[in-house]
Structure formats: structure tokens, C-alpha cells
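A short worksheet on the structure shown next.
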Amino acid sequence: MGVREQLGRQPDDEMRLQDLTLETPEKKSKIEFDPETEISEEGWSAMKGKYEQDCQEEYWGYATFLAMNLKVLFPDKVAELNLESRWTQMKEQYEQDCQAENWQGAANQAMYLKILFPDEATELNLESRWIEMKEGYERDCQEEHWGDAADLAMSLKILFPDKIAELNLESRWTQMKEQHERDCQEGHWLNATYLAMNLKILFPDKVAELNLESRWTQMKEQYEQFCQEEDWGYAADQARCFKILAAKEVKITDQGLELVMPEKETFQQSTPPRPERKELN
């Protein structure tokens, strides 16, 4: 409670020192996340182990999703995932979603595959599926499922960067932003993190309006809980979101996704050169 409210409640205009409390300004955190420092070698091994387990148990949808997260987090370690031997099985999940007309699932699976196998993306026959996937997005918007709409739109932007204007995104920014606000106000930090990540990819010039600095701590608490509980699939997914949110720039390329990360700060100080000593004659 601020000073004015406290003063208004004082009987006989008496003031006590403890009542003169100032409102604490909203605490803000810096938006930063470096997987190299945030995720230990043991954490990487555990995430990779969960991926290997999903492959062995033939949960190819989950395996594809987790592999995509790990490639975004650690692109230099992708060779350890042995992806080339798993392309056929991973593509089958996408084809099953298409046959079932599950266009949200199909778009997401296709996005994972494009990031993992950019050179094989032509085999997904995406152009023939654009209309159905776009219609799924439009349904989400009409039914005001803004979280789902943003998620599908993000996948479509990566898959069809030349068609993104057809999604009419600018007219949906307000509703998607309001959904993010509701998620934060209701403490749905997992949903808030996903939506913020999607909105950064969709609206890179507007992401500052989400006021993420004041919410970063709460958003990261869910990730830390997943790590403590050794729920490595969700932990990797959350870490991927944080890396994208912390990126200086997110580029959509023919490789799927490219992140430009901030330069790491160094604390080394250069020693100024000693002044030359002049000889006195």
C-alpha cells in the first residue's frame, strides 16, 4: 500500500514510521538464457537419454519433438542424436497426422522435421497441405483458441515463410497478446512461456509489449521444477523456449530456424600501456 493510502487511514492525523511504506517497484529480470551455462553436461546426457528411450520405445512423435528441442539448444551436438537413421520413422508420424486430418499435429510435426532434416523437407509434400493447415489456423481464430492459433501460425511461418501474409496476423496480435496476459495473471506460466515464444517468432517487432522482464523469474520456475523432477522432455522444451526468447534475433531460413544470440559478456579488463619514461639529460 502506498503512502497516500496509509495517511488517509490514520486516526487523529497521527503518523507512524512503519506506516509510511513506499510501493515497491515491479521487479524485473534480464532476459537471458545460455544453454551452455544453464544446462550441465549431466543435464544434456539426461535429455539425450530421454530421446533415446523414446526412439527405442518407438514413440516417434515424442522423439521428433525432443530431437528438435535438442538441436535448437545444442546445434553443435546434433550428430550425437543419430538422426539420419531415424528419418523414415519420424516422417511416418507426420503422414499419420495428415491421413487423420489432424492438421495442427501435422503442421507441428512438419516443422520439427524441417528443422531436423532441412534437406529432406521436400519429401513432406508441404505445398499440397497448405490449404488444410491454414484452415485449421482459421478455425482456431474463429473459436478464439488464441494459444493454439499462435502455435499453429508459428509452425506455418517456419514451413511457408512466403505465405505468411495470408494468415492476416496483424489483425490477431491484440487477441493473442491478451491471451498471454490472462495466462500470466492466472499463473499459467507454462502456457505463458509457450505463447511468448510463439509471439516472438510471429511478431518480432512487438515482443517488447509482453513485458517479459517482469515475468521472467516466474516463467523460469516451471523449468527449474521440471529439472528437479528429472522430467527431461519438458525441461528441454522449456529451455528451447527460453533460448528463443533470449535470442537477439530469430531468423526463418531454408534451414528452418536460426538464432542469433547476444554476445557473451567478458569481464577481462585490458591493461593500459605504461607511459614511456623520458630520459632527462
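Please work out if residue 137 is of a type in the set (Phe, Trp, Tyr), part of a helix (DSSP H, G or I) and either under 18 Å from the mean Cα position of the chain (by Cα) or farther than 25 Å from residue 72 by Cα (or both).
The answer is no for residue 137.
Tally time: how many residues in segment 162-185 are aromatic (Phe, Trp, Tyr) and either at pLDDT below 95 or not in a helix (DSSP H, G or I) (or both)?
As a first pass, look at segment 162-185 and keep what is aromatic (Phe, Trp, Tyr): 173.
Filter once more, so that each one left must be either at pLDDT below 95 or not in a helix (DSSP H, G or I) (or both): none.
Summing the residues that are aromatic (Phe, Trp, Tyr) and either at pLDDT below 95 or not in a helix (DSSP H, G or I) (or both) in segment 162-185 gives 0.
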- Item | Index of the failed condition, residue 75 passing every other in (1) touching a residue at least 24 places away in the same chain (Cβ under 8 Å); (2) closer than 24 Å to residue 251 by Cα | (1)
- Residues in segment 195-235 that are under 23 Å from residue 72 (Cα atoms), among the hydroxyl-bearing types (Ser, Thr, Tyr) and surrounded by fewer than 21 Cβ atoms within 10 Å (Cβ to Cβ) total 2
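Can you tell me which of 151, 162 is over 15 Å from the mean Cα position of the chain (by Cα) and either farther than 17 Å from residue 207 by Cβ or in contact (Cβ under 8 Å) with a residue 40 or more places away in the chain (or both)? So that I can check it myself, show each step before the final result.
Details: 151 fails: over 15 Å from the mean Cα position of the chain (by Cα).
It is 162.
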- Message: Given the criteria touching a residue at least 40 places away in the same chain (Cβ under 8 Å), more than 25 Å from residue 46 (Cα to Cα), touching a helix residue (DSSP H, G or I) at 6+ places or on another chain (Cβ under 9 Å) and not aromatic (Phe, Trp, Tyr), does residue 100 qualify?
- Response: no
- Item | Count of residues meeting criterion [under 24 Å from residue 169 (Cα atoms), out of contact with any helix residue (DSSP H, G or I) (no Cβ under 7 Å at 6 or more places or on another chain) and assigned to a helix (DSSP H, G or I)] in segment 186-232 | 1
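The values are calculated or read from the model by the stated rules, or taken from the named source; none is laboratory data. Quantities reported herein were computed from a predicted structural model and do not represent experimental measurements. Because the Cβ atoms are built from the backbone with ideal geometry, glycine has one as well, and the counts that use them run over all protein chains shown.
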